[in-house]
Amino acid sequence: MKSQKASKSKSNRSGARLELSTPADLQPKVQGVQLAIARRAHELFEARGREHGHDLEDWLRAESELLCRVSIAMSESQDRVRVRANVPGLSWSEIVASVEPHRITILGKGKLSTEKAKIGATGQVASHPDQVLQVIDLATEVMPERAIVELQAGELTFELLGVSKNKGRERSLNQCVLAEARDQDQ
């Protein structure tokens, strides 16, 4: 699959159609986000007086502080897989995605979201995560080169064509038929 960037072209459903990045191009960005999570988890560990045994708790808290939650819905038919990811507040230019035969990776970073919350007589600023990192494992093998990805109203939709489970068997049967025809001609 060739390296691609997000495209501004509009689809026929008025959503922005995204072109995919290769997994290799996306990997350094994913590693950067994972490193930021690891740093924050270590800060939480140190703030607790370096008390061991809470590494998973620290990691999950760091993720919740740095990453927006993404709700995922998947549906599968005989030859297609549809994945919908809720990414509110992100535009097509803030999202990068890749599709592999058994995995989807979504990475996005929006403008820092802050809103003022009045508490008593003083105003405080509450900060919300502005970053998305979601890796979705697929049970069905798909063809990444045939993926269609669109963003519309905060929902990222992946339309994926599944690899035929009988593909290898069909080739074997065709090869047997051809071999049998050759034998008969001789």
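Spin-label point model (7 Å from Cα, Cβ direction): what's the Gln31 to Ala139 distance in nm?
3.3
Using each residue's phi in region 43-59, evaluate 6.51 cos²θ - 1.76 cosθ + 1.60 at θ = phi - 60° and report the 3J(HN,Hα) Karplus result to the nearest Hz, with x for Gly and Pro.
Each residue's phi maps through the Karplus curve to give 4, 5, 4, 5, 5, 8, x, 6, 6, 7, x, 10, 4, 5, 4, 5, 5 Hz.
Karplus couplings for region 82-97 from phi (6.51 cos²θ - 1.76 cosθ + 1.60, θ = phi - 60°), rounded to Hz, Gly and Pro as x?
Whole-Hz 3J(HN,Hα) from phi for region 82-97: 10, 10, 10, 10, 7, 10, x, x, 9, 9, 4, 6, 9, 10, 10, 9.
Let me check I've understood the local charge: for Glu43, count other residues with C-beta under 12 angstrom from its C-beta, Lys and Arg +1, Asp and Glu -1. What total comes out?
Details: positive: Arg39, Arg40, Arg48, Arg50, Arg61; negative: Glu46, Asp58, Glu65.
It works out to a net charge of +2.
Along Cα→Cβ, 7 Å out, is where each label goes; now give me the distance between the ones at Glu155 and His54 in nm to one decimal.
4.0
Name the long-range amide H neighbours of Arg80: under 5 Å, sequence gap of 5 or more, or other chain; modelled H, no Pro or chain starts.
Gly162
Every read-out reported here was derived from the displayed coordinates using simple, explicitly stated rules and does not represent laboratory data. Remember, predicted model here, so these are calculated numbers, not experimental data. For neighbour counting, all protein chains shown are included, and Cβ atoms are generated from backbone atoms with ideal geometry for every residue, glycine included.
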